[in-house]
Amino acid sequence: MLEVKGINVYYDAIHVIRDMSIEVQNGEIVTLIGANGAGKSTTLKTVSGLLRSRTGEITFMNERIDNMPPHKIQRKGLAHVPEGRRIFMQMTVKENLEMGAYSRPGEADEALDTVYARFPRLKERRKQIAGTLSGGEQQMLAMGRGLMSRPKLMMLDEPSMGLAPVLVEQIFEIITGLRDEGVTILLVEQNASMALQIANRAYVLETGVVAFSGPSGELSQSDEIRKAYLGG
Ligand SMILES: Nc1ncnc2c1ncn2[C@@H]1O[C@H](COP(=O)(O)OP(=O)(O)OP(=O)(O)O)[C@@H](O)[C@H]1O
Ligand SMILES: [Mg+2]
């Protein structure tokens with residue numbers, strides 16, 4: 001579904017992603033893990049068109065997207081839920097969700113119903129100002145907004161960040177639920193052990209380079225990965 005082949009991304013002169021290649025197949029959860037500053041968010045931003053690679057190719061559903069603007073990429077069915085949620089704090093829940101449908105304005109009402117069915121909490125609180133939602137609710141809103149464009153592939157950047165353990169579990173359940181409903185997932189996580197539990201495959205990034213990759217089960221068994229990323 002998604003193929004990233006040989007990309008190199010720079011911030012001015014700083015070379016942040018080096019010859020990276022990753023793949024996501026239809027129906028998978030693939031996780032991208034690695035230390036702070038390894039380049040995980042940069043990778044997602046490059047796929048969604050917010051940053052450009054100097055080399056290589058990015059293909060989504062058999063079409064090159066590496067020269068497309070972000071809104072076109074979103075319209076093709078690729079959603080990006082950024083790190084830190086980035087919701088509009090002064091707007092209501094419903095208004096935030098509607099912003100997520102900007103690439104498909106005619107389908108907003110139908111998409112809203114689908115998102116409310118998945119997140120009843122957001123429906124209850126649809127008139128509430130987003131800034132007053134709890135952290136977990138804000139994350140649900142960010143994910144709900146991403147779903148408004150009816151993505152085939154959803155990229156989630158640290159959805160569990162800052163949440164209490166119970167909420168982290170809820171968010172991971174929501175992610176597997178989405179996968180079961182046919183949304184393919186590319187998941188960036190600090191919580192590597194939980195990410196490996198729900199993912200089919202994983203890539204481990206070390207300073208902009210894919211250091212390990214493989215089925216999640218294999219990576220969680222590896223001593224090297226356990227020492228470096230799973231707390232021994
Ligand atoms: N706008 C920017 N200008 C310059 N350097 C940047 C910029 N954004 C990120 N970087 C640098 O690029 C590297 C990769 O950053 P990135 O945000 O992709 O890491 P990350 O793996 O997502 O980290 P974290 O787990 O902390 O979110 C870091 O060294 C970071 O300082
Ligand atoms: Mg990041």
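The values are calculated or read from the model by the stated rules, or taken from the named source; none is laboratory data. Values in this document were obtained by computation on a predicted structure and should not be read as measured data. FYI the Cβ positions are ideal-geometry reconstructions off the backbone, even for glycines, and counts take in every protein chain you see. Quick note on the areas: whole protein, heavy atoms, side chains included, nothing else; ligands and nucleic acids left out. Shrake-Rupley method; radii C 1.70, N 1.55, O 1.52, S 1.80 Å.
Listing for the model above:
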{"item": "Residue order for Thr46, Thr114, Thr176 - accessible surface, 1.4 angstrom probe, largest first", "result": "Thr114, Thr176, Thr46"}
{"item": "Unit charges on C-beta of K, R, D, E only; dipole of region 85-146, Debye", "result": "260"}
{"item": "Helix-derived mean residue ellipticity, 222 nm - over the chain, DSSP H n ≥ 4, -39500 (n - 2.57), to 500", "result": "-10500 deg cm²/dmol"}
{"item": "Alpha carbon centroid spacing (whole Å) that separates region 4-32 from region 157-232", "result": "16"}
{"item": "Solvent-accessible ranking of Leu230, Leu153, largest area first, probe 1.4 Å", "result": "Leu230, Leu153"}
{"item": "Residue-level accessible surface for Glu98, protein heavy atoms, 1.4 Å, Å²", "result": "70"}
{"item": "Thr59 accessible area, 1.4 Å probe, all protein chains in place, Å² to nearest 10", "result": "30"}
{"item": "Region 163-232, dipole about Cα centre (Lys/Arg Cβ +1, Asp/Glu Cβ -1), debye to the nearest 20", "result": "100"}
{"item": "Charge dipole magnitude, Cβ of K and R +1, D and E -1 - region 79-232, Cα centre, debye nearest 20", "result": "380"}
{"item": "Where region 52-132 is the region considered: accessible area per residue in Å², 1.4 Å probe", "result": "59"}
{"item": "GNM top mover of Leu141, Leu167, Leu156 - the chain, alpha-carbon springs below 10 Å", "result": "Leu167"}
{"item": "Distance violations [Cα-Cα > 19 Å] among Lys94/Lys152; Lys40/Lys152; Lys94/Lys123", "result": "Lys94/Lys152; Lys40/Lys152"}
